[in-house]
Amino acid sequence: MHSKPAKETTSVKVILEWAKEKLLGVQIESPILEARLLLGFALGIPQERFYGSEDKVLTKSQADNYTKIIERRCKREPVSRIIGTRGFWNLTLKINLSSLDPRPDSEILVDSILRNFPDKAANLKFIDFGTGTGCLLLSALNEFPNSSGVGVDISKECITLAKENAALNGLSQRALFIESDWGREVTDKFDVIIANPPYIQSGTISTLDPEVKDFDPHIALNGGQDGLSCYRKLAPQFVETLKKGGLVFLEIGYNQRESVSKIMEHSGLKCLYVNQDLGNRDRCLILAHRHQY
Ligand SMILES: C[S@@+](CC[C@H](N)C(=O)[O-])C[C@H]1O[C@@H](n2cnc3c(N)ncnc32)[C@H](O)[C@@H]1O
C-alpha cells in the first residue's frame with residue numbers, strides 16, 4: 001500500500017496521504033506539514049491553497065514530479081535543499097550543495113549584533129569569516145543600511161552563491177565577497193567580526209543525522225579532531241582585524257564555551273558575554289580586545 005501514487009487520477013488528498021505514509025516510514029518528524037510544503041513546491045502554489053481543494057486531480061506529470069520529490073525527501077534530503085531556498089532572519093537565500101544550510105540557531109548572532117549596536121543608522125564595517133550563503137553578513141547589512149561588509153570563504157562556489165544572494169536581496173552594493181583561506185586576503189580592520197566556523201569533531205560527523213552528514217559539505221562542518229582547530233586559526237586573525245572598540249560575534253558548539261573562550265583569551269581577546277540559541281544552549285560568544293576591559 002501507498003507505494004505507487006502517480007496514477008492519472010491522483011487527487012491532492014490521495015497523494016498527500018501517500019506522501020505522509022512514505023515520510024512517516026523514514027521517521028520524518030512532521031510528515032503532514034512536509035508533504036503539504038513539498039506539494040506546494042511541486043505545483044508552484046502556496047500550500048494553504050490546498051484547503052478546500054483536496055479533490056483537485058493532479059496531471060500525470062504533476063504527480064510524477066511530486067513522487068520524485070518525496071523520494072528525495074525519503075533519502076533524507078532536507079526540504080530546504082529540495083526547494084533550493086532557506087529563510088534566514090528576514091531574508092530568503094538560495095542554498096546549494098557547496099553551502100551549509102543556514103541554521104535558525106545561528107540567527108542569535110544577528111540578534112546579538114543588534115543588541116550591542118542599537119544605532120541602526122551607524123556606519124559600521126563588518127567581516128564574516130566563512131560566509132557560506134552569506135546569511136550572517138547579509139542579514140546584518142540588511143539591518144544596518146549605512147554599513148558595508150566583506151564575506152570570506154575558502155569555497156569558490158560559496159563566494160558565487162553569496163554574491164547571488166546579495167543581488168537577490170538588493171545588498172550587492174554594500175557586500176564584497178572574497179575567496180580566501182580565512183583572513184589571508186584581508187588587510188582592513190573591522191568594527192564587527194562575525195564567524196560561524198566549522199566546529200564538529202571529525203570523528204562524530206558520521207554519527208550526525210543524514211540531513212547533515214549526507215548533505216552539508218564536510219568542509220563546513222569539520223572542526224578537526226577536537227572540533228576547535230578553526231578557532232585556533234581564527235583567534236589571532238580576530239585580534240589582527242578587529243578595530244579598537246569593535247566586537248566579535250562567534251558561533252560555538254553548545255558545549256564549547258569554556259574551550260573556545262580559553263583559545264580566544266590566549267590570543268588577547270576577552271569574552272564579554274555568551275548568548276543562548278533558541279534551545280537555550282550556549283551559542284554565541286561576544287568578544288573584544290582584552291586591553292580595553
Ligand atoms: C559552519 S559553515 C558557516 C556558513 C555560514 N556562515 C552560516 O552560518 O550558515 C563554515 C563555513 O566556513 C567555510 N570555511 C571552512 N574552512 C575555511 C577556511 N580555511 N577559510 C575560509 N572559509 C572556510 C566553509 O566553506 C563554510 O562555508
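The values are calculated or read from the model by the stated rules, or taken from the named source; none is laboratory data. Please read all numbers here as calculations on a predicted model, not as lab measurements. Reconstructed Cβ throughout: ideal geometry from the backbone, glycine too, with neighbour counts over all protein chains shown.
A residue that is part of a strand (DSSP E or B), assigned by TED's automatic domain parsing to the domain that holds PHE129 and on the phi > 0 side of the Ramachandran plot occurs somewhere in the range 234-252. Just to check your reading of the model, which residue among SER112, SER99, SER80, SER106 is in contact with a Pro (Cβ under 9 Å, 6 or more places away or on another chain), buried (at least 20 other Cβ atoms within 10 Å of the Cβ) and small (Gly, Ala, Ser)? Being in contact with a Pro (Cβ under 9 Å, 6 or more places away or on another chain), buried (at least 20 other Cβ atoms within 10 Å of the Cβ) and small (Gly, Ala, Ser) holds for just one of SER112, SER99, SER80, SER106, which is SER99. Considering (1) among the polar types (S, T, N, Q); (2) modelled with pLDDT of 95 or more; (3) surrounded by fewer than 16 Cβ atoms within 10 Å (Cβ to Cβ), the lone condition that THR187 does not fulfil carries the number (2).
Listed here are the residues, each with its yes/no results for (1) without any contact (Cβ under 8 Å) to a residue 40 or more places away in the chain; (2) within 25 Å of GLU211 (Cα to Cα).
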| site | (1), (2) |
| --- | --- |
| LEU23 | no, yes |
| SER30 | yes, yes |
| LEU33 | yes, yes |
| LEU37 | no, yes |
| GLN47 | yes, yes |
| VAL57 | no, no |
| ARG76 | no, yes |
| VAL79 | no, yes |
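Among residues of the range 244-273 that are closer than 20 Å to PRO118 by Cβ, those with a beta-carbon under 6 Å from a residue that is hydroxyl-bearing (Ser, Thr, Tyr) and outside any loop (DSSP other than H, G, I, E, B) at least six positions away or on a different chain give the pairs PHE249/SER112.
Being outside any helix (DSSP H, G or I), of a type in the set (D, E, K, R) and away from the ligand (no atom under 16 Å from the Cβ) is a condition met by no residue of the range 42-53.
Look at the range 197-221: where a residue is hydroxyl-bearing (Ser, Thr, Tyr) and a partner is in a helix (DSSP H, G or I), sitting 6+ places away or on another chain with Cβ atoms under 8 Å, you get TYR199/CYS230; TYR199/TYR231; SER206/LYS213; THR207/LYS213. Every condition in (1) buried (at least 19 other Cβ atoms within 10 Å of the Cβ); (2) touching a His at 6+ places or on another chain (Cβ under 7 Å) is met by ILE200 except one, and the failing one is (2).
Looking at LEU137, LEU109, LEU91, which is the one that is touching a Cys at 6+ places or on another chain (Cβ under 7 Å), closer than 14 Å to GLY151 by Cβ and in contact (Cβ under 8 Å) with a residue 12 or more places away in the chain? Of LEU137, LEU109, LEU91, the one residue that is touching a Cys at 6+ places or on another chain (Cβ under 7 Å), closer than 14 Å to GLY151 by Cβ and in contact (Cβ under 8 Å) with a residue 12 or more places away in the chain is LEU109. From the list CYS271, CYS230, the lone residue that is in contact with a Ser or Thr (Cβ under 9 Å, 6 or more places away or on another chain) and either assigned to a helix (DSSP H, G or I) or more than 11 Å from the ligand (Cβ to nearest atom) (or both) is CYS271.
Candidates are the residues of the range 203-224 that are in contact with a strand residue (DSSP E or B) (Cβ under 7 Å, 6 or more places away or on another chain) and either closer than 17 Å to SER259 by Cβ or outside the structural domain of SER148 (by TED's automatic domain parsing) (or both); the one that is surrounded by the fewest Cβ atoms within 10 Å (Cβ to Cβ) is ASN222.
Of all the listed residues (ASN123, ASN142, ASN90, ASN146), the sole one being surrounded by 15 or more Cβ atoms within 10 Å (Cβ to Cβ), away from the ligand (no atom under 14 Å from the Cβ) and either assigned by TED's automatic domain parsing to the domain that holds GLU179 or under 12 Å from the mean Cα position of the chain (by Cα) (or both) is ASN142.
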